[in-house]
Amino acid sequence: MSPTAVQEIQREHEARAWGWVAHLRDGGTTPWSAWGSLAGADEQSGRYLPGAQQLELLRRLNLIRLPSPELADRVLGASAPGRGRPDLGLVGVLPDSAFGPPPVDPSRLPADELVRVATALIAEDVVAAGDPLEPRTPRLLRRRYRLLGDPDLTDVVRDALVADGRPPGGRRATVVVTGTDVSSMLVHVWTARSLGAGVRPWPEWLAAQARRGLPDRIDLPTLAAAWVPRVGAGRVHVVLDDARRASRLVGRRRRVAPAGPLSADAVELARRTAPVVGTLVAPERRTALMRHRLRPVLAGWPGPDLDIPRRYRPWLVEQTSALRRRLASGDYAVHGVLPAPAERRGVTAPDEERVLALAMQVLLGPAIGTPMAEQPASETGQREAQ
Amino acid sequence: MSTGTKKVILHVGTPKTGTSYLQHVLYHNRRQLRRHGITYPADRHDAHFLAALDLMRMPWGGLEAQAIGSWDKLAESVRRAGGAAIISHEILATASRAQIGRALDSLGHGHGTEVHLVLSVRDLVRQIPAEWQENVKHRASLSYGRFLAQIQDPRREGRIPTWFWGVQEVPDILDRWGHDLLPGHVHVVTVPPTGGSRDLLWKRFVEAFGLDGIDLQLDGERVNPSLGSAETTLIRRINRAANESLEPAYYRPLVRELLAHQTLSRRRKTPRLALPPDVHPWATRLQESWTEEIRRRGYDVIGDLEDLRGAPPVTAYADPDHPDESLVSSAAVDALKAVLLDHARLQRDLAQRDAELRETQRALERAYLRPTYRWRERLVRRLESGGTGQLVMKAYRRARGRGAGSA
């Protein structure tokens, strides 16, 4: 075959790909492998063909609900953040080349690749939602406290107190260390880190804890003992499985609504998104945005809880016994009893397909940060599916 | 250099081709370059690295927080500058087409700015071991054998192969970055073979970046030095032992800088890391196809494409996966000595800081005892307890430029 004929065939393949791009922009859902048409082939809408990951993500979004034209443009123009596979070519477009990553059939891409692209867009939306409200000026006369331990129990109470002008710290503070059963605390710590500075995937992280011991944040006796010499044993309280009592000890009389629970897949999506948010805003803003902007959105989606595999049961029991023994020997007040490890009846690891489904729902949903009362019954900017 | 058409020279890789030295020279000669109409816009030595992280939204052990907004800042400096501007960082090689499009647009490409791309390249016979070593210096703990198997796997899945090909596959990098540029504006600088003149590469950079006739200070170490085979094995073993407990913020100064760069790289007489003889034919075949492609595309080659042929297989291969344990243990002794000396230095610093802190505490206590401090404290409390007083305090704080907190 002459070089001219080869070039002609190549042009036709590329035109077919541009036609598919136009089809997807119009809300089409035909997979690339079934796309034989040259319709829309003259609509080259960019300098280069978007990657297979971006195109397949748009097709999957179209399958759920039609995204706004702006969202479709953003998907096609997105780059997968961080390290990982580069934008991949469509199989059958370019002649076999000795260079570059091998082209793919987009429908065969693992969900993980599409989640990576989606996190770039979700991160932008999280930042666009804006910072949470500034807390009020700290009160001069306020109870001095420090609230430590299980993040699920402490974070919401501390947030409420800070918002009310009662930040933690100060001399002669009452130190309250909160805890609940070890398995729940482990899930809570991983969740908090997923929303914050970042953490390894759940199975890896859990295995590392089992080798090393409980994370510092839920090593309740060590936390309590560290504060005894600083504030005196009389000011240190360990409160077990009793959020109300912990709140009252730090000066919060009104009930604080607990944070909405997150499914295993929601935490995983947060874990994947937080590092990308961290490339857009400083660490302290990242954590605030993740907790106050993305978390409420994720909490609105149902899904299985995260559980700990059964093989860790003996380790959990052993850790619980050790914590009870050490707490009993401390010279600080202990309120309540550390419960036995809970049976959480969930999944032992997030599922990539469900994480992708959730990521797409977040992208298609109301703008992040929109108060629930202001959310329209049907999302704005959506076009009728074709 | 002519200051007629605005020109941006964008150096995007590849790693281990003298890029660190080039960037060191450019950074320390910024003023001299400016006098010759060349801008190297950087307020810190790693400014272009941070800009690249920002452009590619790439987390990098916490450094990304310092990178936020860096690319836009860099691009603005380039747009403002007259004459020519140079941007250089090797991780830009991995940028996606969308990121490249954004980068070129932000630099004014297509709006009167002539963008020239520079890619410095070295033969795969040296690049492959260097890349594994670089991975090890970034906490990787996989063996050399596994690394080689992963990069030879045509599927290219996983972190290691995607990064390797992203920064090393020369025709693909040139295709992505040069997509919108004239072939004559794409300059391929070849790194001379081992044993050649040390100045030859620098002369090629001078030609590529238009630095001829500028009196530059070339002192300073050729940074990012390489390690021997046994030394790399030692770092890999340290990674395996300490990765789980050593936080990223400490890894860089302690393992990468103190141990690898400042200590183990000075052991120059131990066997060097090389390409295994059985992998050599695959690498040289691949290299030949790349060289042919560069020639075919008609880029401006500075140097000689024959430089990329690569040395023949080594006769005495020092396998880092089956090292000479006596060499590893002597490297470990050197490493331990370095850690001890550094620890002693820190102890001295700590003792000095303790003394300073105690003195500050004493001074603070003396200040608290002064009657005026107690009077002021009492006055603030009294004012805060009443509505009028609160207004007075608010006005006072506003005047002092504070929104809240103590008076």
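The values are calculated or read from the model by the stated rules, or taken from the named source; none is laboratory data. Remember, it's a predicted structure, so these values are computed and weren't measured experimentally. So basically every Cβ, Gly included, is an ideal-geometry build from the backbone, and we count neighbours across all protein chains shown. For accessibility, only protein heavy atoms count, side chains too; no ligands or nucleic acids. Shrake-Rupley method; radii C 1.70, N 1.55, O 1.52, S 1.80 Å.
The accessible-area loss of the range A:190-217 on complex formation, taken against its chain alone with a 1.4 Å probe, reaches 40 Å² or more at A:Arg212.
The charge dipole of chain B, taken about its Cα centre with unit charges on the Cβ atoms of Lys, Arg (+1), Asp and Glu (-1) only, comes to about 2540 debye.
For chain B, the alpha-carbon coordinates run over 84, 60, 44 Å along the three principal axes, in decreasing order. In the protein assembly as shown, a dipole from Cβ-located charges (positive for Lys and Arg, negative for Asp and Glu) runs towards its positive end, and of A:Pro283, B:Gly158, A:Val115 it is A:Pro283 whose Cα lies farthest in that direction.
Comparing A:Val177, A:Gly19, B:His24 along the charge dipole axis of the protein assembly as shown, the residue lying farthest to the positive side is A:Val177, per the Cβ-charge model. Surface composition of the range B:61-213: carbon and sulfur make up 50 percent of the accessible area, probe 1.4 Å.
Here the accessible area is traced with a 1.4 Å probe on the protein chains. For the range B:225-323, carbon and sulfur cover 53 percent of it.
For A:Thr30, the solvent-accessible surface computed with a 1.4 Å probe is close to 40 Å², ligands and nucleic acids excluded. Extension gain for B:Val339-B:Arg378 works out to 8.9 nm (0.36 nm per residue, less the C-alpha to C-alpha distance). Once R0 is set to 22 Å, what does the formula 1/(1 + (r/R0)^6) return for the Cβ-Cβ distance between B:Gln352 and B:Ser265, expressed as a FRET efficiency to the nearest 0.05? Taking R0 as 22 Å, the efficiency between B:Gln352 and B:Ser265 is 0.15.
Here r is the Cβ-Cβ distance between A:His335 and B:Asp72 and R0 is 45 Å; the resulting FRET efficiency, rounded to 0.05, is 0.30. Legend: residues B:Tyr27, A:Tyr145, sorted from most to least accessible area (1.4 Å probe; ligands, DNA and RNA excluded), read B:Tyr27, A:Tyr145.
The local environment of B:Ala85, defined by Cβ-Cβ distances under 10 Å, has a net charge of +4 under the rule Lys, Arg +1 and Asp, Glu -1. Using C-alpha pairs under 8 Å with a sequence gap of at least 6, the mean separation divided by the residue count of chain B gives a relative contact order of 19 percent.
Buried accessible surface for the B/A pair, both sides summed and rounded to the nearest 100, is 2900 Å² with a 1.4 Å probe. Among A:214-225, A:331-342, B:333-344, the peptide with the highest mean count of other Cβ atoms within 10 Å heads the list, and the full ranking is A:214-225, A:331-342, B:333-344.
Compared with its chain on its own, the range A:50-94 contains the following residues whose accessible area drops by 50 Å² or more in the full protein assembly (probe 1.4 Å; ligands, DNA and RNA excluded): A:Ser79, A:Gly82, A:Arg83, A:Arg85. For B:Phe205, the solvent-accessible surface with a 1.4 Å probe is about 0 Å², rounded to the nearest 10.
Quick one: length gained pulling B:Ala249 to B:Arg79 fully straight, 0.36 nm per residue minus the C-alpha distance?
Full extension from B:Ala249 to B:Arg79 adds 57.8 nm.
Two numbers describe the Cα atoms of the protein assembly as shown: Rg and Dmax, which are 29.9, 98 Å. Between B:Arg237 and A:Ala210, the modelled label-to-label distance comes to 2.8 nm, taking each label 7 Å out from Cα in the direction of the beta carbon. Computed from Cα atoms, the angle from the helix B:124-136 axis to the main principal axis of chain B rounds to 30 degrees. Here chain A is treated as a Stokes sphere of Kirkwood radius computed over C-alpha pairs; at 10 °C and 1.306 mPa s its diffusion coefficient rounds to 67 µm²/s. When the solvent-accessible area of the range B:325-371 is split by element, carbon and sulfur atoms take up 62 percent of it, the probe being 1.4 Å.
Temperature 10 °C, viscosity 1.306 mPa s: under these conditions the Stokes-Einstein estimate for the range B:145-228, based on its Kirkwood radius over C-alpha pairs, is 98 µm² per second.
Across peptide B:58-69, what mean number of C-beta atoms from other chains lies inside 10 Å of a residue's C-beta?
Working: counts 6, 9, 3, 0, 4, 0, 7, 8, 1, 1, 6, 2.
The per-residue average across the peptide is 4.
Helix A:52-64 axis versus longest C-alpha principal axis of chain A: approximately 80°, rounded to the nearest ten. Projecting the Cα atoms of B:Ala130, B:His116, B:Ala85 onto the charge dipole of the range B:80-160 (Cβ charges, centred on the Cα centre) puts B:Ala130 farthest toward the positive pole. Quick one: helix A:3-25 against the long Cα principal axis of chain A, what's the angle to the nearest 10°, folded into 0 to 90? Computed tilt is about 50 degrees.
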